[in-house]
Amino acid sequence: MPPALQELIDFFEHLPESERRDNLISMAETVDAHAPQPGQSYEVEEVRKDPECADTVGIFLQQDEGGRVRFAVTLGPRVQTLTRALAAILCRGLNGCTAAEILAISPDFIPRIVGAELVRLRSQTVYYVLQRMKQAAENAIVKA
């Protein structure tokens, strides 16, 4: 597990349910900090609306010379709070990884962040952003 992502998992995993939800809402409010920067070029730019999500989600990926990845995201106004929170968490936790490291990550960490109850209630959407980021990482490998 990438250290930055593990740190977020460790933080959320031990919170009582009410504090976990409050912190997820706080994380959702930070997602705009992970928007693509004007004038920045990205190897992968995928903006689309899939059936699993309430609105469009844009995943942007750029790699440095060392193969380290940076993600940016855009989310339509109807994207749910939990999806917004996970997008922010994944940007923070995966930035700096290689595409291969991202592809190797198992999604089993997500319930440790959002809690079993929210996973059960939102089973389709909790894995969506990670799937999209993995697709972007795969596309980056293909383009390299």
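The values are calculated or read from the model by the stated rules, or taken from the named source; none is laboratory data. Not measured: the values here are computed from a predicted model. All Cβ positions, glycine included, derive from the backbone under ideal geometry; neighbour counts span all protein chains shown.
Couple of notes before you dig in:
Let's see how each residue does on (1) assigned to a helix (DSSP H, G or I); (2) closer than 22 Å to E65 by Cα; (3) among the basic types (K, R):
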position	(1), (2), (3)
L5	yes, no, no
F12	yes, no, no
S18	yes, no, no
R21	yes, no, yes
I25	yes, no, no
P36	no, yes, no
S41	no, yes, no
V47	no, no, no
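- Of the residues making up region 60-69, just one is surrounded by fewer than 18 Cβ atoms within 10 Å (Cβ to Cβ) and not in a loop (DSSP other than H, G, I, E, B), namely R68.
- Among the residues of this structure, E29 does not count as one that is among the charged types (D, E, K, R), farther than 18 Å from R112 by Cβ and in contact (Cβ under 8 Å) with a residue 60 or more places away in the chain.
- The single residue among V31, V44, V57, V73 that is more than 12 Å from the chain's Cα centre (by Cα), buried (at least 20 other Cβ atoms within 10 Å of the Cβ) and among the hydrophobic types (A, V, I, L, M, F, W, C) turns out to be V44.
- In region 110-133, the residue that is modelled with the highest pLDDT out of those that are closer than 19 Å to N95 by Cα and surrounded by fewer than 19 Cβ atoms within 10 Å (Cβ to Cβ) is Q131.
- For region 92-111, the set of residues classified as of a type in the set (D, E, K, R) and in contact (Cβ under 8 Å) with a residue 40 or more places away in the chain consists of R92, E101, listed by residue number.
- For R78, the stated conditions hold: it is part of a loop (DSSP other than H, G, I, E, B) and within 22 Å of M27 (Cβ to Cβ).
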